[in-house]
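Okay, so here's the structure we're looking at.
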Amino acid sequence: MEREKLLFDLNELPAPIIDQFTWYQSTDALHIHRYETQAAEKLIGLIAEYNQLPVECVLLDAGADGILSLIFHYCARQNQSVYLPHPSYTGFPTLAAIAGCTVVPYAVQPHLPQVPDQPPLLICNPDNPSGQLIADLESYIARRNGLTIIDEAYIEFCPAISTIALVREGRPVLLVRTFSKAFGAASIRLGYLLGPAPLIKRMRDYQMRYPVSTLAIEAGIDLWQQRAQMEASVVMIRAACQELQQAFRELGFDVLPSQTNFFACFCPPSVDAGQLCEQLRARNVYIQLFNLGAGKNPLLRITTSDPDTNQKLLQIVASLI
């Protein structure tokens with residue numbers, strides 16, 4: 001019998017926040033033989049209303065990756081290099097390369113203010129992989145003249161820090177969001193972009209027609225209408241993440257404070273991070289390792305799971321260090 005996989009590496013929720021089939025059972029005929037637009041218009045309307053924006057300021061695509069692909073294609077056609085955080089989401093450079101967009105890596109902290117004013121700048125807030133918040137981000141962005149792209153994939157875990165106010169002011173800011181994280185729907189591949197209407201219109205020039213399936217959009221509508229359940233889930237997940245962080249501190253790990261469903265840490269001095277990850281993989285346990293460069297200790301990123309699975313991870317790690 002195949003051993004159970006314990007997945008702590010992809011920042012997914014441990015379980016869906018709603019019954020996976022309730023949305024389908026309550027949905028009117030889907031007309032899957034048609035290229036549907038009404039469902040997309042409904043979801044865009046819900047998102048726009050919640051964020052106090054006109055519908056022209058919202059765009060849907062296939063996950064945050066689909067959104068980012070549009071942005072990188074746009075920047076490539078403008079002959080603009082994009083400043084990317086490092087370390088960060090490994091999909092950024094891949095998507096940029098596919099679009100033919102050149103990138104310039106930068107260290108997230110404390111060097112963010114040193115990034116040039118004009119070129120497009122991509123920022124994760126909360127940061128990935130650290131889970132930390134970037135201080136004074138809104139005031140910093142307000143001083144920039146160039147395009148700023150904020151990956152807010154985890155914004156539901158700390159909504160107060162969103163830079164949505166700058167979008168409402170018409171600043172050159174794009175917010176990338178997703179249903180994959182706090183909404184617990186990674187496999188439906190649904191993301192959305194918020195930005196000033198003229199910028200959103202330019203992004204549409206690089207978008208395929210009907211980029212998101214009706215099934216995904218209908219699921220997104222149902223999830224959006226159950227935000228209260230999502231928000232309650234976020235409270236429990238953050239509490240579980242705080243408990244897991246404390247347990248790793250007690251094992252001797254240097255744990256960075258996090259505002260999300262994951263956290264980053266450095267191994268105790270006597271533990272080799274790469275070897276620990278290999279030993280965990282041999283036991284079907286998966287966490288994410290980030291190499292920070294020569295002479296620097298690798299960073300581990302660990303996603304919280306349900307309490308029982310978290311306890312299994314702790315027991316295995318404790319037995320290996």
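The values are calculated or read from the model by the stated rules, or taken from the named source; none is laboratory data. This structure is a prediction, so every number in the text was calculated from the model and none was measured. Here Cβ is always computed from backbone atoms with ideal geometry, including for glycine, and neighbour counts include all displayed protein chains.
Of all residues in the stretch 240-248, none satisfies being farther than 30 Å from ALA40 by Cα, in contact with a Gly (Cβ under 8 Å, 6 or more places away or on another chain), surrounded by fewer than 16 Cβ atoms within 10 Å (Cβ to Cβ) and not assigned by TED's automatic domain parsing to the domain that holds ALA48.
Among the residues of the stretch 29-37, is there at least one that is at pLDDT 95 or above, assigned by TED's automatic domain parsing to the domain that holds ALA165 and of a type outside the set (Asp, Glu)? Checking the stretch 29-37: not a single residue is at pLDDT 95 or above, assigned by TED's automatic domain parsing to the domain that holds ALA165 and of a type outside the set (Asp, Glu). When each of LEU289, LEU299, LEU244, LEU276 is tested for being at pLDDT 95 or above and over 23 Å from the mean Cα position of the chain (by Cα), the lone residue that passes is LEU276. Is it the case, given these coordinates, that CYS267 is at pLDDT 95 or above, buried (at least 16 other Cβ atoms within 10 Å of the Cβ) and within 22 Å of the chain's Cα centre (by Cα)? Considered against the rule, which asks whether it is at pLDDT 95 or above, buried (at least 16 other Cβ atoms within 10 Å of the Cβ) and within 22 Å of the chain's Cα centre (by Cα), CYS267 comes out as no. Tell me the residue from LEU121, LEU190 that is closer than 19 Å to LEU43 by Cβ and touching a Phe, Trp or Tyr at 6+ places or on another chain (Cβ under 8 Å), please. Every option except LEU190 fails the conditions.
Exactly one residue among TYR192, TYR210 is aromatic (Phe, Trp, Tyr), surrounded by fewer than 18 Cβ atoms within 10 Å (Cβ to Cβ) and not assigned by TED's automatic domain parsing to the domain that holds ASP308, and that residue is TYR210. Looking only at the stretch 225-262, count every residue that is over 18 Å from GLU152 (Cα atoms), of a type in the set (Gly, Ala, Ser) and in a loop (DSSP other than H, G, I, E, B) and tell me the total. Looking only at that region, the number is 1.
Of all the numbered requirements in (1) farther than 30 Å from SER162 by Cβ; (2) in contact with a strand residue (DSSP E or B) (Cβ under 6 Å, 6 or more places away or on another chain); (3) hydroxyl-bearing (Ser, Thr, Tyr), THR303 misses one, and that requirement is (1).
Conditions tested, residue by residue: (1) in contact with a Gly (Cβ under 7 Å, 6 or more places away or on another chain); (2) crowded, with 18+ Cβ neighbours inside 10 Å; (3) among the β-branched types (Val, Ile, Thr); (4) in the same structural domain as TYR83 (by TED's automatic domain parsing).
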site: GLY146; (1), (2), (3), (4): no, no, no, yes
site: ASP151; (1), (2), (3), (4): no, yes, no, yes
site: GLU156; (1), (2), (3), (4): no, yes, no, yes
site: GLU169; (1), (2), (3), (4): no, no, no, yes
site: LEU174; (1), (2), (3), (4): yes, yes, no, yes
site: LEU199; (1), (2), (3), (4): no, yes, no, yes
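Does SER319 satisfy the criteria of being of a type in the set (Gly, Ala, Ser) and within 15 Å of GLY252 (Cβ to Cβ)?
yes
Just for the stretch 28-84: of the residues that are aromatic (Phe, Trp, Tyr) and part of a helix (DSSP H, G or I), which one is surrounded by the fewest Cβ atoms within 10 Å (Cβ to Cβ)?
As a first pass, look at the stretch 28-84 and keep what is aromatic (Phe, Trp, Tyr): 35, 50, 72, 74, 83.
Filter again for part of a helix (DSSP H, G or I), leaving 50, 72, 74.
Values: TYR50: 11, PHE72: 28, TYR74: 20.
That would be TYR50.
Only one of the numbered conditions (1) in a loop (DSSP other than H, G, I, E, B); (2) out of contact with any Cys (no Cβ under 8 Å at 6 or more places or on another chain) is not met by SER88, and that is (2).
When the test is whether a residue is small (Gly, Ala, Ser) and in contact (Cβ under 8 Å) with a residue 12 or more places away in the chain, ALA264 passes it. Sub-7 Å Cβ pairs linking a first residue in the stretch 123-141 that is without any contact (Cβ under 8 Å) to a residue 24 or more places away in the chain to a second residue that is part of a helix (DSSP H, G or I) and of a type in the set (Gly, Ala, Ser), at least 6 apart or interchain, number zero.
Considering only residues in the stretch 289-321 that are hydroxyl-bearing (Ser, Thr, Tyr) and part of a helix (DSSP H, G or I), the one that is surrounded by the most Cβ atoms within 10 Å (Cβ to Cβ) turns out to be THR309.
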